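Okay, so here's the structure we're looking at.
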Amino acid sequence: MEISKFADEQLVDQIAAGREATPQADPMRLIEQVVHRARAGAGVDFDVFESLLGENDLVEINYLERGLLAARAVCRINVSAPVGAGSDWGTGFLIGPRLLLTNNHVIGSAEDAFKATVEFGYELDAEGRLKRTTRFRLSPQDGFVTSPKEVLDYTIVAIAESSEDGAAPISDFGFLRLDARTGKTEVGQYATIIQHPDAKTKRISLRENKFVKYGDDADPERDNFLWYSSDTANGSSGAAVFTDAWQVVCLHHAGVPDRQMVDGEEHWILTDKTTVPARIAINLPPEKVHWLANEGVRISKLIADVELRIGAPGFARSALIDDLVADATGVKPFAGTTPGESIIGPPIVAAPALRLVATEARRRPTRHTHPATYFDGRNGYLPNFLPVEIPLPTLGQDALQHGSPAKVVGASDDVLRYQHFSVVLNANPKRKMAFYTAVNIDGARWTNLERGNDVWYYDPRVPEELQNGDELYGAEPVPSKNYFDRGHLVRRLDPVWGDIRIAKQANDDTFQWTNCSPQYWGSIKEPICGRAWRISCFTTRTRKMFRRPSSQDRCFVRTMKSTGGS
């Protein structure tokens, strides 16, 4: 959890006063809030004024249904560490067609976005069981704008149109509209926050949570924020903070610990009333610390900052983000939506049996393919990658008796070139496997990318009938206990190095059926990624498969290692 940079006694006193405050009975402010509530789609009744004044805790039953609709757009985010198996977690939520909002300290750059995995539906169902989740990748090339964590600490980034498995469009999850107009709430009214604390299942903190400080007219920097009492934890960064009408009023980003000075050093007060130095307390579990309040970035200030950033010279404009600003500022609503409506998306309960059938149908094996131009510019395996040139192997008679190399559209040498690796495919339709693969590995430039949900593609440069796809792997009699796994010939992580965009391209390229072979047992290859080695690696099988092995069967790896800087 990030810590608020505001640590003076004045803020502490204002937070304490806000905890005891009740909403003001200002007619103009109340009318403004009623208008916001009506526009949001929450409905207005005769009790609304009592509710806004804190004199009535009752809410309409649609509060629960609207809460489920709002929660659908909230996700947890995982960002892989640059090296190793570690990762960081946060919360995010959809704010427009194909747009996600979270904190800068969760996703700080386009490179982080390429490495991130976004997961919707990580929550319990009515029977206390985990629901089936849906995972998406981010597409920062389609839209990305961010403010450093020292300023407004937000990131808006485009998300893929379809889930990793191709089963669900992002539109299924709706989105939460951002409204740049002020007056949606005030000190003393209730806050609700939906979050993934500590990367756990989706949780909601409601009631007994109040807005305790609203901006600051005397300090422009503090005027960017709201303060509220609510239970949050690590991983909650990037969560949406709502009014009772389920309007997003701020983006959760930091906590305000209970501080005091002891012998000239800042200490934090813990929940057991003891104190420890701040340098130690910051590493304690959040539940051990006594928090005075939480701090969120006001939506009105966030949108104003986005306008400034996208209007700056040299900014790569995005139609998605331009449409977001136009909608949030009231210039032009998102196509097909009602202006001001706070929760956009399909109903949650609508012919549930039919929706289930449709969803499961979308999850059945699908034939994925890229256009042939998708692979333009791929250099494949480089023979001069090492100080000593190592050319691609020449097929001998033992290999050619089982078939000839498949002809590759656009290539004169029958080599399928991918990012950092190459494949030579057997043209014998009874084989449907590669003669060999060759890959260049640069361990010093390797980057760790999450695998995500596997989606395999047919390569359009060779006939589909030469590629084993889900007609083999997806039609096994016991789907939950596959006889064969989809085995990478070039290991997924081996070519994943270099610039993050190139690394992601290499990662995706390994999921071609031309690079797949039935796999029954675990890999015996020693991981080398992350070591400062440069390696060229070949794999091949020269004998028939699916029969009793003999001493003549062999799978060889020929490597040459270089630790130099070449």
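The values are calculated or read from the model by the stated rules, or taken from the named source; none is laboratory data. Please read these numbers as outputs of a predicted model, since none were measured by experiment. Every residue, glycine among them, receives a Cβ derived from its backbone with ideal geometry; neighbour counts consider all protein chains shown. Keep in mind that these areas ignore ligands, DNA and RNA; they rest on the heavy atoms of the full protein, side chains included. Shrake-Rupley method; radii C 1.70, N 1.55, O 1.52, S 1.80 Å.
General observations
- Protection-proxy order for peptides 458-467, 216-225, 171-180, each taking the mean of Cβ atoms within 10 Å per residue, highest first: 171-180, 458-467, 216-225
- Dipole of the range 168-278, positive direction: furthest Cα of I170, I269, P197, with charges on the beta-carbon: I170
- When peptides 156-165, 397-406 are ranked by their average number of other Cβ atoms within 10 Å per residue, the highest-first order is 156-165, 397-406.
- Dividing the mean sequence gap of close Cα pairs (under 8 Å, 6+ apart) by how many residues the range 215-300 holds gives a relative contact order of 34 percent.
- Alpha-carbon centroid distance for the pair the range 377-448 / the range 135-198, whole angstrom: 42
- Here the peptides 258-270, 297-309 are ranked by packing, the mean other Cβ count within 10 Å, and the order with the highest first is 297-309, 258-270.
- Efficiency of FRET between A411 and I502 - r from beta-carbon atoms, R0 25 angstrom, step 0.05: 0.75
- Per residue, the solvent-accessible area of the range 83-167 (1.4 Å probe, heavy atoms of protein chains only, all protein chains present) comes to 36 Å².
- Cβ charges +1 (Lys, Arg) and -1 (Asp, Glu), total dipole of the range 229-310, debye: 160
- Taking only protein heavy atoms and a 1.4 Å probe, the accessible area of the range 154-273 is 46% carbon and sulfur.
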